[in-house]
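Taking it in order: structure first as structure tokens, then the write-up.
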There are 2 protein chains.
Amino acid sequence: MNRYEEKELQQEMEQVEEYLSDYLRDPGYGGAVGNILHDMEMSKGKRLRPRLLLMASRFGKEQDPAGRERLCRLGALVELVHMASLIHDDIVDDAPLRRGFPTTQSKYGKDRAVYAGDLILSRIVQSLFRDGFFRVGALFGEAVESMCLGELGQMECRGREDVTVEQYMRNIYGKTAALCRLACQAGAVESGCSDSVQAQLEQLGINFGYMFQIRDDLLDFVSDTEEEGKLTQMDFREGILTLPVLYAMQDSQAKGRIIGLLRDAKEGVFGADQARNLKMIVTASGGLARAAADMEMYAERALQAIETLPDHGVSAVFRELLQAKCKVSAAV
Amino acid sequence: MNRYEEKELQQEMEQVEEYLSDYLRDPGYGGAVGNILHDMEMSKGKRLRPRLLLMASRFGKEQDPAGRERLCRLGALVELVHMASLIHDDIVDDAPLRRGFPTTQSKYGKDRAVYAGDLILSRIVQSLFRDGFFRVGALFGEAVESMCLGELGQMECRGREDVTVEQYMRNIYGKTAALCRLACQAGAVESGCSDSVQAQLEQLGINFGYMFQIRDDLLDFVSDTEEEGKLTQMDFREGILTLPVLYAMQDSQAKGRIIGLLRDAKEGVFGADQARNLKMIVTASGGLARAAADMEMYAERALQAIETLPDHGVSAVFRELLQAKCKVSAAV
């Protein structure tokens, strides 16, 4: 096979966009549901998960045009899982904005957002069966179960001062890694990869997911602007301790000060001063640097998972993607 | 085939309960999610939908023990769709009680209830694929889409004075008839019924669903106690006009008085006096009687849908079930 050109990936990603538009088309419902579907069709994400799926699928045998088209469709379905999960997450977070645009719940109310998310999930299920994705359908269900557990696990940890790194890792597995895993697995299975290659791509997905979530948690400290539509230190404000904070808390002096700030957050008196303070503590105690080192470790593990595989030109693209995502660590 | 004994149905329903317990088992999650699953396992519903599925499936060819077991499993999955939808409905309705027990959202919070519903849906999807229900999986997705549309449609109508009987029928199709249709369809398809028998059983399910929802809406007026864990005239208090009210409003004098009461409800001043008043208006204008006549018409249509089919002893059981459900009309 030729070097997997970025251009080829780009063309396939355009196909993914077309399928997404199809799935989000309003067949004439109108009203709020029509508007919600239209907003979703207009929202442009990074489409990271279909990208992972398409890249992983290059290691498989089924590379004829019809097979590639099926993979693009599957990529759209993985992105839809992500979109449905964002709608339900935004209800729980009471988030006013997502990627700089009003969330479904803020625009149409929590009640409609519950059913809008369910409606998207129901369309995914219909397509998985109608288009005969019988080999990967259960994996979709499994990923959604993990995602729910990750969010529920995070809720259990909210406001608590004794959260462990292990609990954090379990929660981010569900919140982020499970769906990256699904993307790589689905691409591997549907493209006819052997069991051992599937297992390697699964590891790639999981480690990519860990890397990606830790990156997000770092960005929450590093960026001063409302990057990606988020206020900084949002998690902490909501009582959620992320990896940089958890590492910082392993220093007993830092721990005491962070607990004080956490109590401020609970009492709703966490303003710009507290944010500056927390950033300073987390930086000085080495929490940011250790989290950044972990992020790079997971990026490395992701690449190691596939280093014994024939290249297909994809490994280089993966490497570039991972390096681009890790750029944040330069700022730490 | 022998007369389909009530005893045989009862034995199969016990099998359904066992599958339900399996699906709701906590594999060791613990915490809130463990408690939610446990509460769901303990909650006992009428299990009407698996009952419909098992009865419809008697018209099929596949009646060996393994086939019947698969149908029991499928019955449990249909009931799980119902249970997941109740969890999400209770979030929207802000309902404190369901069948006399605290709802998931009131006990564990709306946020956890969102993910608890999603988690159940994800388990349904996993089983549909793992257990090879490829012929009926898409129908599950379709039913859930209809259910979302019904609830969203009802929200659009909330508080409005110009709702039509057609809109009401569209909404209750989604709220109730779609899942009864799925139960009958899934039973028919999975048991190997011919296309034409499938279509007849589908009609049975739809009409059963209409009958059942209108019955519920009648009960909301007829019962003075908190029957089935619900306050009376709850829908009206929330600005939702059901069939008895819509029929009453076709009398212009009654309409004016009902609009006045609807405004009271909006302003939160709908108490016992208003409830008595509304019941009197809806009764005197013939709204209750007309809705009851419709309920009986749909029950009749449900039976007509299968009257040309070989009996298998099921028709009599269906007739008994429908007559039992229609008993409410005696009180009107």
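Residues of region B:146-175 whose accessible area (probe 1.4 Å, heavy atoms of protein chains only) drops by at least 40 Å² once all protein chains are present, relative to their chain alone: B:C148, B:L149, B:L152, B:M155, B:E156. The Cα atoms of region B:90-162 define a convex hull whose projected area, averaged across directions, is 6.6 nm².
On a 28 Å Cα-Cα criterion, which of the cross-link pairs B:K110/B:K325; B:K44/B:K266; B:K7/B:K325; A:K46/B:K175 come out too long? Don't jump to the answer; show the numbers that get you there.
Working: B:K110/B:K325 33 Å; B:K44/B:K266 34 Å; B:K7/B:K325 20 Å; A:K46/B:K175 36 Å.
As for pairs spanning more than 28 Å Cα to Cα, those are B:K110/B:K325; B:K44/B:K266; A:K46/B:K175.
Relative contact order for chain A: 19 percent, from Cα pairs under 8 Å spaced at least 6 residues apart, divided by residue count.
Just to be sure I understand: if you take the accessible area of chain B alone plus chain A alone and subtract the pair, with a 1.4 Å probe, what total do you get in Å², rounded to 100? Could you put the intermediate results ahead of the total?
Values: alone 15170 and 15160 Å², together 26690 Å².
What B and A bury together is about 3600 Å².
Counting only other chain Cβ atoms within 10 Å of each residue's Cβ, the peptide B:81-90 averages 1.
Just so you know, the averaged projected area of the alpha carbon convex hull for region A:243-332 sits at 7.1 nm².
Of all GluC sites (Glu not before Pro) in region B:256-306, which ones are in loop regions per DSSP and have a Cβ with at most 10 other Cβ atoms within 10 Å?
Those satisfying the criteria are B:E267.
Enclosing the Cα atoms of region A:25-113 in their convex hull gives a volume equal to 99 cubic angstrom per residue.
Counting only Cα atoms, I'd like the Rg/Rh figure for region A:102-225, Kirkwood definition for Rh.
Numbers: Rg = 16.9 Å, Rh = 16.4 Å.
Rg divided by Rh gives 1.03.
Among the GluC sites (Glu not before Pro) in region A:15-115, which ones are in a DSSP loop with at most 15 other Cβ atoms within 10 Å of the Cβ? Mind listing them? Hits after loop and neighbour filter: A:E62.
Ranking B:R73, A:R68 by solvent-accessible area of protein heavy atoms (1.4 Å probe, all protein chains present), from largest to smallest, gives B:R73, A:R68.
Reported to the nearest whole Å, the Cα centre-to-centre distance from region A:27-64 to region A:241-296 is 36. Looking only at A:Q11, A:Q274, A:Q63, which one moves most when chain A is put into a Gaussian network model with springs between Cα atoms under 10 Å? Ranking A:Q11, A:Q274, A:Q63 by mean-square fluctuation puts A:Q11 first. Within the same chain, aspartates and glutamates fewer than 8 places from B:K279 are excluded, and of the rest, those with a Cα less than 17 Å from its Cα are B:D216, B:D217, B:D220, B:D224, B:E226, B:E227, B:D235, B:E238, B:D251, B:D264.
With the helix formula -39500 (n - 2.57) applied to DSSP H stretches of n ≥ 4, chain A reaches a computed 222 nm mean residue ellipticity of -23000 deg cm²/dmol.
Plainly put, the tip 7 Å out from Cα toward Cβ on B:L309 is 4.9 nm from that tip on each other copy, the closest given first. Measuring nothing but protein heavy atoms, the accessible surface of the protein assembly as shown at 1.4 Å probe radius is 50 percent carbon and sulfur.
Remark: chain A carries 40 Å² of accessible area per residue (probe radius 1.4 Å; ligands, DNA and RNA excluded).
When the Kirkwood hydrodynamic radius is evaluated over all pairs of different C-alpha atoms of chain B, what value in angstrom, to one decimal, is obtained?
Values: mean 1/r = 0.0483 Å⁻¹.
Answer for chain B: a Kirkwood hydrodynamic radius of 20.7 Å.
As a test of the definition: which semi-axes, in Å, follow for the protein assembly as shown when you take the square root of five times each eigenvalue of its alpha carbon gyration tensor? Largest first, please. It would help to have the intermediate numbers written out before the result.
Working: eigenvalues 438, 200, 93 Å².
Three semi-axes, in Å: 47, 32, 22.
Loop-located GluC sites (Glu not before Pro) in region B:149-197 (DSSP state not H, G, I, E or B) with no more than 16 neighbouring Cβ atoms inside 10 Å: B:E161. On full extension, the segment bounded by A:E296 and A:K61 gains 81.5 nm, given 0.36 nm per residue less the C-alpha separation.
Legend: mean number of C-beta atoms from other chains within 10 angstrom of residue C-beta atoms, peptide A:24-32, equals 2.
Quick one: Kirkwood hydrodynamic radius for region A:162-279, alpha-carbon pairs, angstrom, one decimal? It would help to have the intermediate numbers written out before the result.
On the way: mean 1/r = 0.0630 Å⁻¹.
Taking the inverse mean of 1/r over all distinct Cα pairs, region A:162-279 comes out at 15.9 Å.
Please compute the average number of Cβ atoms from other chains found within 10 Å of each residue's Cβ in peptide B:132-138.
Details: counts 1, 1, 4, 1, 1, 7, 7.
Mean shielding count: 3.
Every Cα-Cα pair in region B:119-159 was counted, and those over 12 Å apart are 65% of them.
The values are calculated or read from the model by the stated rules, or taken from the named source; none is laboratory data. These numbers come from a predicted model, not from an experiment. Positions of Cβ are backbone-derived with ideal geometry, glycine not excepted, and every protein chain shown enters the neighbour counts. Note: accessible area is taken over every heavy atom of the protein model, side chains too, but ligands, DNA and RNA are not part of it. Shrake-Rupley method; radii C 1.70, N 1.55, O 1.52, S 1.80 Å.
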